[in-house]
Every structure is written in structure tokens, then in C-alpha cells.
1. Out of region 152-161, which residues are touching a residue at least 12 places away in the same chain (Cβ under 8 Å) and either crowded, with 16+ Cβ neighbours inside 10 Å or within 21 Å of L21 (Cβ to Cβ) (or both)?
2. For I131, state whether it is outside any helix (DSSP H, G or I), surrounded by 19 or more Cβ atoms within 10 Å (Cβ to Cβ), of a type in the set (V, I, T) and modelled with pLDDT of 90 or more.
3. Among the residues of region 70-80, write down those that are in contact (Cβ under 8 Å) with a residue 40 or more places away in the chain and touching a Gly at 6+ places or on another chain (Cβ under 8 Å).
4. Here are some residues: L152, L164, L170. Which one is at pLDDT below 90, among the hydrophobic types (A, V, I, L, M, F, W, C) and either in contact with a helix residue (DSSP H, G or I) (Cβ under 7 Å, 6 or more places away or on another chain) or on the phi < 0 side of the Ramachandran plot (or both)?
5. Taking region 68-82 as the region of interest, how many residues are surrounded by fewer than 21 Cβ atoms within 10 Å (Cβ to Cβ) and of a type in the set (D, E, K, R)?
6. Find all pairs meeting these conditions: Cβ atoms under 6 angstrom apart; at least six residues apart or on different chains; first residue within region 56-67 and free of Cβ contacts under 8 Å to residues at least 60 places away in the same chain and buried (at least 18 other Cβ atoms within 10 Å of the Cβ); second residue of a type in the set (S, T, N, Q) and assigned to a helix (DSSP H, G or I).
7. Has region 83-97 got any residue that is under 24 Å from L155 (Cβ atoms), at pLDDT 90 or above and buried (at least 21 other Cβ atoms within 10 Å of the Cβ)?
Amino acid sequence: MQSNNDSSQIFKARTIGSFFLLAFLAYGFGRHLFDSEVNSENYIGALLIIINSIMVLFIGILFRQTLQKYNALVGNIYLFTRVFESIALASIVLNVMPTVRVSEDYGYFLAMLILGLGSIPMCFTLYKHKISPSWLAIWGITGYGIFSFGFLMELFEREWSMYLLILAALWEITFAIWLITKGGQGAKLGAK
């Protein structure tokens, strides 16, 4: 029975890791196409942004299940973070309709600020309970702290985020690869 649970937790860790990477790609390509002058590309871009939002939501749901085993408050904060990010990024697609205009930048800036702030306690939990390697958790805490500051400055019209998001972006890619290759250290990601 333990083997079934272990393989289920490994599958969940790999799913979360895959969603991290696929969401990155979906939003990157989606935003590029969405900003195109060609209507058909706008619609494809909008669809990719919606797909990104769905994957972001599932990252929050799946990872909350793990985090709650160690700290219920952190699990709920992380879920809220991902729900907020999902909704804020998906709201950008309202700009496809000619009668509705939503500030794309502020929605994105708020989504990223909340993501950064909500991910710091998640990374701290990874560190405290040795869910991931210490270096990876510390990198996440540091990266998301810098990331959050960059997007906070964007709200004050200081264009710093592009320079301060690199560490957190590389962390997300590395963490995703770690989840996929290590399966969350066997079943450690899902078991206490």
C-alpha cells in the first residue's frame, strides 16, 4: 500500500513540475501572440494565457495539499497566491473585446507581486521541513524577495522588474526540473 502512495506522490510532484514549465511557456508565447496586430494571433494568444491561468490554478491546488501537511496557513496562502495570479493574468484577455479595456500592466504587476510575496513562505516551508534541498529553498526565498521588490517598484512607475525577476524565474525552472527528475525526493513532497 505504501508503494501506491509513494508513486501517487511522485506523480503529483512531476505534475506540479510539468505545470510550472508549461505555464511558463504558455504565458510567454501567449503574451507574445496576444500583443500581435493579427486578430487570429490575438485569439491564440488569449487561449494560451487562459491555459496558463488554468495550470497556475492547478499548481496552487496540488501544492496546497502538500504544504498543508506541514503548515496549513502556508498552504492556504500559497493557494490564494495562485488563485489571484490566475485571475489577474486571465483578465488580460478581456482586451480582445473592443468594448472592454483592462490595464494589462497593472494586472500583471499585481499578479507577480502577489506571487512573489506568497511564494516566500512556501519556500521557507520547503527549507524548514527539508522538503527540497536547502540550497534550492534558500534560492527561492531570496529570488522571490528580490522579485517582489521589483514588481512593487513597477507600481511606483520604476521599471525594475525586468532586471529583478531573473533569479526567481530561474528558480522556478530549476525547481520544476527538480520536481520532475527527483519526483519530490521520492514521496517526501507528499508525505510528512
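The values are calculated or read from the model by the stated rules, or taken from the named source; none is laboratory data. Predicted, not measured: the structure shown is a model, and the values here were computed from it. Positions of Cβ are generated from backbone atoms using ideal geometry, with glycine treated the same way; all protein chains shown enter the neighbour counts.
1. The answer is L152, E154, S161.
2. yes
3. Once the filter is applied, which keeps residues that are in contact (Cβ under 8 Å) with a residue 40 or more places away in the chain and touching a Gly at 6+ places or on another chain (Cβ under 8 Å), region 70-80 yields I77, Y78.
4. Just one listed residue meets the conditions, L164.
5. The number of residues fulfilling the criteria is 1.
6. The qualifying pairs are V56/S86; L57/S86; L67/T125.
7. Yes, the conditions are met somewhere in region 83-97.
Here's the yes/no breakdown for (1) under 17 Å from G116 (Cα atoms); (2) surrounded by 16 or more Cβ atoms within 10 Å (Cβ to Cβ); (3) of a type outside the set (S, T, N, Q); (4) modelled with pLDDT of 95 or more:
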site: D6; (1), (2), (3), (4): no, yes, yes, no
site: G17; (1), (2), (3), (4): no, yes, yes, no
site: S36; (1), (2), (3), (4): no, no, no, no
site: Y43; (1), (2), (3), (4): no, no, yes, no
